[in-house]
Amino acid sequence: MEVTVLAADEAMAQRLLRWLVPDGDSPVALPVAAVERFCWYELPHKWPADTSEQQRAVAVLTDLLAGVGRFRAVAVCTSATTAQVLAAWQRSEEAGFAVYRKAAAASPTSPPDVAELSWGEVMGIQEALARANLERRLEQALDEGDLDLDARTFPAARRRLVQHWLTTAQPVFGGRAPLEAVRSERRELWAAAPPTERRVLLAAVLPALAVSSAAPVDTAEPLRWLLEQIGDGVTLTQAGYLPRELVAAAFARYPHWYPIGKGPRSEADLYQLADLHELARTHRLVTKRHRVLKLSAAGRVQLTDPRLREHTAALAWLGTTAAERQVTESALCALWAEPRLREDLRDVVHPVLAAGFTHGDGTAMEGTETERLLWRFWHTGRELGYLEPERSSGAPISLSATGRPAALAALRLLAEGPSGRI
């Protein structure tokens, strides 16, 4: 189909075509997602153009797309969203990025996060290829009427389409399911990251990570027990602690939590229980009204879904800072190979932390900082039942029966999770 534009705009049209279809193809094959990316990000951020030239570029692009019958893409160019995004870039780069991300997320051809895959902020080749193909598939489904943008069921239908496509073998991935290709690529990139000391530790666990995860083991038993005890509601003390009868039940079930004296009198005396309570609150598994604490809707789901509960517990074990996660990753890999004395574990983990992190003033991390982070790892692992109770202070640290699958779950979050979003 021949594309016609006004003679005065011919130079702009050629510039647009070189940018958007550099291989010389017709813009008839240009995906809507590419038009969105151009109008909302590339034009205002990468083209040296003032406001009037940006507007002229959009107008010429509109004519080009209309000339080849790409009316869904034309609607992007003429939309209020495009005008709002361009105006935001004029205010500041920060505002432009924020409005662009919001617009991209709201686009009907943008693949949403699904249970099987959350998209990374930074993508490898396979992930970018999967996303680009899904954008085209969603546009095709809209054009052919398989998806109805105006239907109340559109979000759920789009998620189902994305899930089906990700888990179905595709020719572009050599007959593999895209999800498998993305996860494999993420593991490879994760395993190859420096420093060398880290890669040496990871070698022991990589074969296990490459095997598809089986049905989840019912890990994090203490968390499940606490959720069961809270159930439809317990009445907190005046100070906001869990009731004394629940504390007594925890001590009876987990006597190694408080091995001295006659037993704890309140939650304040049993830090393991207090930390599990805090974990449940942080992940919104419980709700509180006045002094009554009960399970939230999310808590009820996690109580019956071991995989979700394992995911929550793995996040807690990993920690929240980059240093905490690096120490946990290294410790899990070391313990996967064999039990370790505390001093040995510190000596194996510290070189990885020291090679990867420095203080703001450029000074190296000290061994005492590694010990502090390892204490958090040990402390949380014991609460969740992932580390064997130590028979003595000199006994080696080892993963429990549920700790081994939990370790794999935590490492998979790091290895296969979205870059920059875990």
Open item on the list: Using the Karplus curve 6.51 cos²θ - 1.76 cosθ + 1.60 with θ = phi - 60°, what ³J(HN,Hα) values do you get for each residue of region 35-47, in whole Hz, with x for Gly and Pro?
Closed with: 5, 4, 4, 5, 5, 9, 9, 5, 4, x, 9, 10, 8
Task: For Rg and Dmax of the Cα atoms in Å, calculated from these coordinates, the label among [x] 22.9, 68; [y] 26.9, 92; [z] 21.5, 62 - done: [y]
Open item on the list: On a straight-distance basis, which lysines could pair with Lys102 in a cross-link, Cα separation under 22 angstrom, same-chain partners fewer than 8 positions away excluded?
Closed with: Lys46
TODO: Pull up all non-local amide H partners of Val286: gap of 5 or more, or a different chain, and H-to-H distance under 5 Å with H placed in the peptide plane.
DONE: Ser296
Open item on the list: Students often get this wrong: which residues of region 18-39 have the backbone nitrogen under 12 Å from the point 7 angstrom along Cα-to-C-beta of Asp143?
Closed with: 27-33
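Report the extension gain between Asp305 and Asp344 in nm, rounded to one decimal, defined as 0.36 nm multiplied by the number of residues separating them, less their alpha carbon distance. The partial results should precede the final answer.
Values: separation 39, 0.36 × 39 = 14.04 nm, distance 3.63 nm.
My answer for the length gained is 10.4 nm.
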Task: Contour excess over end-to-end distance, with Cα ends at Thr235 and Leu206 and 0.36 nm allotted per residue - done: 5.8 nm
TODO: Select from Trp336, Ser79, Leu138 the residue farthest towards the positive end of the dipole of the chain; place +1 on Cβ of Lys and Arg, -1 on Cβ of Asp and Glu, and compute about the Cα centre.
DONE: Trp336
TODO: Measure nothing but the geometry: give the 0 to 90° angle between the long axis through the Cα atoms of 125-144 and the longest principal axis through the Cα atoms of the chain, rounded to 10°.
DONE: 60 degrees
Task: the chain: relative contact order as a whole-number percent, Cα under 8 Å and 6+ apart - done: 15 percent
Task: Pairwise centroid distance, computed over Cα atoms, of region 107-163 with region 367-422, Å - done: 36 Å
Task: Rounded accessible area per residue of the chain, 1.4 Å, Å² - done: 50 Å²
- [ ] Give me the number: length gained by fully extending His290 to Arg160, i.e. 0.36 nm times residue separation minus the C-alpha to C-alpha distance, one decimal in nm.
- [x] 42.8 nm
TODO: Working from Cα positions, state the angle (0 to 90°, nearest 10) between the long axis of helix 342-356 and the longest principal axis of the chain.
DONE: 20 degrees
Open item on the list: Along the Cα→Cβ direction, 7 angstrom out, place labels at Arg56 and Ala268. What is the inter-label distance in nm?
Closed with: 7.3 nm
Task: Cα lying deepest toward the dipole's positive end in region 146-279, options Thr219, Ala181, Pro264, charges on Cβ - done: Ala181
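The values are calculated or read from the model by the stated rules, or taken from the named source; none is laboratory data. Remember, it's a predicted structure, so these values are computed and weren't measured experimentally. Every residue, glycine as well, gets a Cβ built from its backbone with ideal geometry; the counts of neighbours run over all protein chains shown. The accessibility values were calculated without ligands, DNA or RNA, using every heavy atom of the protein model including side chains. Shrake-Rupley method; radii C 1.70, N 1.55, O 1.52, S 1.80 Å.
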